[in-house]
Amino acid sequence: SWTPDAFVDMTVSELKEKIGDDKVVLGLSGGVDSTVAAVLLHKAIGKNLYCIFVNNGLLRKNEFQDVLDQYEHMGLNVKGVDASARFLDALAGESDPERKRKIIGNAFIEVFDDEAHLVQDVKWLAQGTIYPDVIESVSATGGPSATIKSHHNVGGLPDFMKLKIVEPLRMLFKDEVRRVGKSMAIGEERLGRHPFPGPGLAIRILGDITPEKVSILQEVDHIFIQGLRDWGLYDKVWQAGAMLLPVNSVGVMGDERTYEKCVALRAVESTDGMTADWVNLPYEFLQKTSNDIINKVPGVNRVVYDISSKPPATIEWE
Ligand code: XMP
């Protein structure tokens, strides 16, 4: 029968055999799949695995540095590339969610291609593709493969896509990937992480994206997520995040009327993201979180909680 330890042993020896002394590039996202794929490959080929972790400027507060530190701590040969300005410049003025996704996907491909070119003589591209990605070849949610496909249609294949592909997780389901990660001693902070969309906060800021809006939303999200952790609620929720709405609403400050931003908090239970129910978070938690956000984040004067299920209300507001 299948066990994670046996899978690791078998896969590591297959990878050694297949790759030999070749060099491999892999894009880390901070998520479970790319992390587990990287650690497996690292066991097999060590420093010949070149990991690239791109900051698109749309990650959670402190996420880039924290996760980069964790990767280094795991012994991975990883390069952190801060391309925030490039992504945010490319997004300036764009409000359409599908165009935002496309801009982010294209910027990622350009940055990754530049980095892959810096690895002399690289032969392989490793990906954290898992079985559900394989069967659902056209991803409804537009993950990395969909981005690459849409780029391919417009601009021809980037060089890194001409590399030989290695996908050590392509026969595994998500829970098996987690078990494999656990058997290789990857920490709970990676394996237990909520899903986070590739386009990041860009699809949680409705309308156009500015660096100021990103930093407001990072602060709000940080208070919400840290609160879930502190209250022991994080693991009871499948995914949570905050949305920055494109309207201002009135508030009072002393004798003054202010028109400031409104944020929506969303926390859902789900198994695969295809359907989802909103989570009945304790009123005391919502009350504390709302007060903290309004007191600590300048520019926000109203917090609402999303009590809509999917369908029809998607998890991301876009
Ligand atoms: P929706 O909003 O469609 O989200 O209910 C379902 C799940 O998919 C994630 N999601 C994305 N993930 N690129 C991604 O990598 C995307 O463009 C994207 N859009 C949504 C979302 O976070 C949720 O887990």
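Any read-out appearing in this document is the output of simple, stated calculations on the displayed coordinates, not a laboratory observation. Not measured: the values here are computed from a predicted model. Positions of Cβ are generated from backbone atoms using ideal geometry, with glycine treated the same way; all protein chains shown enter the neighbour counts.
Per-structure values
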| quantity | calculated |
| --- | --- |
| Extended-chain gain in nm, criterion 0.36 nm per residue less alpha-carbon gap, Lys16 and Asp66 | 15.0 nm |
| For Tyr305, distant residues with modelled amide H under 5 Å away | Leu265 |
| DSSP bridge pairs, the chain: antiparallel proportion in percent, nearest 5 | 40 percent |
| Surrounding net charge for Ser13, when Lys and Arg each add one and Asp and Glu each subtract one, Cβ distance under 14 Å | -1 |
| Of every Cα-Cα pair in region 4-191, the percent that sits beyond 24 Å | 38 percent |
| Packing rank of 273-284, 188-199, where each peptide gets the mean count of other beta carbons within 10 Å, highest leading | 188-199, 273-284 |
| Computed [θ] at 222 nm, helices only, for the chain once each DSSP H run of length n ≥ 4 contributes -39500 (n - 2.57) | -13500 deg cm²/dmol |
| Positive-end extreme of charge dipole, the chain - chosen from Leu233, Ile19, Pro197 (charges on Cβ) | Ile19 |
| Share of alpha-carbon pairs per 10 Å distance bin for the chain, given as whole % | 5, 25, 33, 24, 10, 3, 1, 0 |
| The chain - charge dipole about Cα centre, Lys and Arg +1 at Cβ, Asp and Glu -1, debye rounded to 20 | 220 debye |
| Of Asp133, Asp69, Asp255, the one that fluctuates the most in a GNM where the chain has Cα springs shorter than 10 Å | Asp255 |
| Whole-Å distance, taken between Cα centres, linking region 226-272 and region 160-196 | 30 Å |
| Options Leu281, Ser309, Gly299, ranked by Cα towards positive dipole end of region 265-318, top entry (Cβ charges) | Gly299 |
| Under Karplus coefficients 6.51, -1.76 and 1.60, residue-wise ³J(HN,Hα) of region 232-241 in Hz, glycine/proline x | x, 9, 4, 7, 8, 10, 7, 8, 9, x |
| Flagged links, alpha-carbon separation over 27 Å, of Lys47/Lys162; Lys164/Lys310; Lys236/Lys261; Lys174/Lys310 | Lys164/Lys310; Lys236/Lys261 |
| Angstrom value of the Kirkwood radius, inverse mean 1/r, which spans all Cα pairs in region 161-232 | 15.5 Å |
| Size-normalised alpha-carbon gyration radius of region 213-318, reference 2.2 N^0.38 Å | 1.09 |
| Region 158-257 - charge dipole about Cα centre, Lys and Arg +1 at Cβ, Asp and Glu -1, debye rounded to 20 | 640 debye |
| Anchor Lys182: aspartates and glutamates whose Cα lies under 13 Å away (excluding residues fewer than 8 positions away in-chain) | Asp5, Asp33 |
